[in-house]
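Computed from the coordinates by the stated procedures, all read-outs in this text should not be read as laboratory data. Everything numeric here is computed off the predicted structure, so don't read it as measured data. As a convention, Cβ positions derive from the backbone with ideal geometry for all residues, glycine included, and neighbour counts pool all protein chains shown.
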Amino acid sequence: MSQTRHRIRKPSRTSVFIGITALALGITATASAGISGRSHSAAGPVGATSAEALLAPCRISGAMGVQMSEGLPTAPGYSRSTGEVRALNLMIDFPDAKGEGTAADRLAEFFPQTSDWFRTSSYGRLTYRAEAPIKNWLRMPMPFAAYGIERGSAYEPGYRQLVEHIIKTSDAEVDFSRYDLINILVTPNAGPSALDTVLSVTFSGNGEAPMADGVPLANTSFVYSRQDDGSGTYRETGYRVLPHENGHVFGLPDLYTADGGGTVGHWDIMSEDWGANNDLLGWHKWKLGWLDSNQISCAGKSGVSDHVLSPLAVEGGTKLAFIPVSESAGYAVEVRTRAGNDEAVCKPGVLIYKVDSEVDTGRGPVTVSDSSGASGGCTRRSNVHAELSDAPFRPGETFTDEKSGISVSVVGELRNGSYQVRVTRP
Ligand SMILES: [Zn+2]
């Protein structure tokens, strides 16, 4: 059993971004956007409220050269993540991998769960409209093998050719300009099993993608095979690769590293999307516009400050305390409970993690602090990183960062389910 878990946790999806293309082609639009994103003064318009001004030190931002950063604000070019988001779904197959079952069945592996997942996680702020104007498999002109697609394949040349073929075969029936993002749901029999390697990938913020109906197909997720671990839960949890891939479309980086999910565990779908459902970190919800400024408590000044945080899964209230340690990094503090999308939480409490906007996607931009060291964790759910499952801090426990002199103590749990935390910083 543990061997199976190891095998399926290890494959990692790769996200390739305009950063790579821009560097290769000498295009600087995204890079310059990244530079302007560094300026804290850009956080709000002139005349911003004092609440916004208090948040300024907590809007950490990354340096240029980071392809996909945790920093605020998210670089331009990605799909918007609030309001009505229209997703075009195209189910494709190949002459050497003809569609298994119907295209409608393939679509139904991901919907309505994906739309529901975003509604729940965003507190209703993202209305995900999934459309599939072409009901049948869209047959590509070349065999799957001819595109040369492997795990980690770059956009050039295989994906560019595939996207060109997708446009060619569908454009008569699809108005691409109507959509914010595109999901290419590939027939599961094209390519290897997800138990062997995960091909699913997203190309986001890619303004150099082929054009159709006057727009580049800039934010496109490709989903392959089935993330079925054999535990019999595929129908409930197999869709979760799609919200993960769409997270990239909205500008979120990968939180797993080459070593797997050991830095964030099951506390964010950008870390682990196999197995039991889980939510996004509060930091990501702020980044996506699902939390208001008045739901963030910024501990930017020296001294002691108290913060009352309501569970992340419940709508309303203060969700996130943030303690900046530099212009580009800081500690986030939030309350995680078994509710909403967080169905596998086995130890509710205060989750504390470091966010570093200068660490790139897949390199560990977020690191969760484990309150209980090498305990082995509290979960036995398959595909949930066990060690960090009991990471949350309980009342009476204190997290300390010796280097920065910052400490976070959990004062207590209130009757309404909120937690009071005390931040001390030099
Ligand atoms: Zn990813």
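Overview of values
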{"quantity": "Average silhouette area of the chain, convex hull of alpha-carbon atoms, in square nanometres", "calculated": "19.8"}
{"quantity": "Sorted by Cβ density within 10 Å, fewest first, the residues His385, His248", "calculated": "His385, His248"}
{"quantity": "Trp274, Trp290 arranged by Cβ crowding within 10 Å, fewest neighbours leading", "calculated": "Trp290, Trp274"}
{"quantity": "Sorted by Cβ density within 10 Å, fewest first, the residues Met142, Met270, Met64", "calculated": "Met142, Met64, Met270"}
{"quantity": "Fully extended contour minus Cα-Cα distance, from Cys346 to Met211, at 0.36 nm per residue", "calculated": "43.9 nm"}
{"quantity": "About the Cα centre, charge dipole magnitude for the chain (Lys/Arg +1, Asp/Glu -1 at Cβ), debye", "calculated": "520"}
{"quantity": "The chain, relative contact order [Cα under 8 Å, separation at least 6], %", "calculated": "17"}
{"quantity": "Long-range amide H partners of Ile60 with built H, under 5 Å", "calculated": "Leu72"}
{"quantity": "Prolate/oblate/rounded label for the range 96-210 (Cα gyration tensor, a/c 1.5)", "calculated": "rounded"}
{"quantity": "Degrees between helix 160-170 axis and first principal axis of the chain (Cα, 0 to 90, nearest 10)", "calculated": "70"}
{"quantity": "Flagged links, alpha-carbon separation over 25 Å, of Lys98/Lys168; Lys354/Lys403; Lys319/Lys347; Lys301/Lys403; Lys285/Lys403", "calculated": "Lys285/Lys403"}
{"quantity": "Neighbour-limited loop hits for GluC sites (Glu not before Pro), the range 123-204 (at most 14 other Cβ within 10 Å; DSSP other than H, G, I, E, B)", "calculated": "Glu150, Glu173"}
{"quantity": "Relative contact order [Cα under 8 Å, 6+ residues apart], the range 194-332, whole percent", "calculated": "15"}
{"quantity": "Extreme residue, positive dipole direction of the chain, given options Trp137, His284, Val423 (C-beta unit charges)", "calculated": "Val423"}
{"quantity": "GNM flexibility winner over the chain from Pro348, Pro133, Pro365 (Cα, springs under 10 Å)", "calculated": "Pro133"}
{"quantity": "222 nm mean residue ellipticity, helices alone, for the chain (DSSP H n ≥ 4; -39,500 (n - 2.57); rounded to 500)", "calculated": "-4500 deg cm²/dmol"}
{"quantity": "DSSP loop trypsin sites (Lys or Arg not before Pro) with at most 12 other Cβ within 10 Å: longest gap in the chain", "calculated": "136-300"}
{"quantity": "Normalised contact order of the range 129-255, rounded percent, pairs of Cα under 8 Å and 6 or more residues apart", "calculated": "23"}
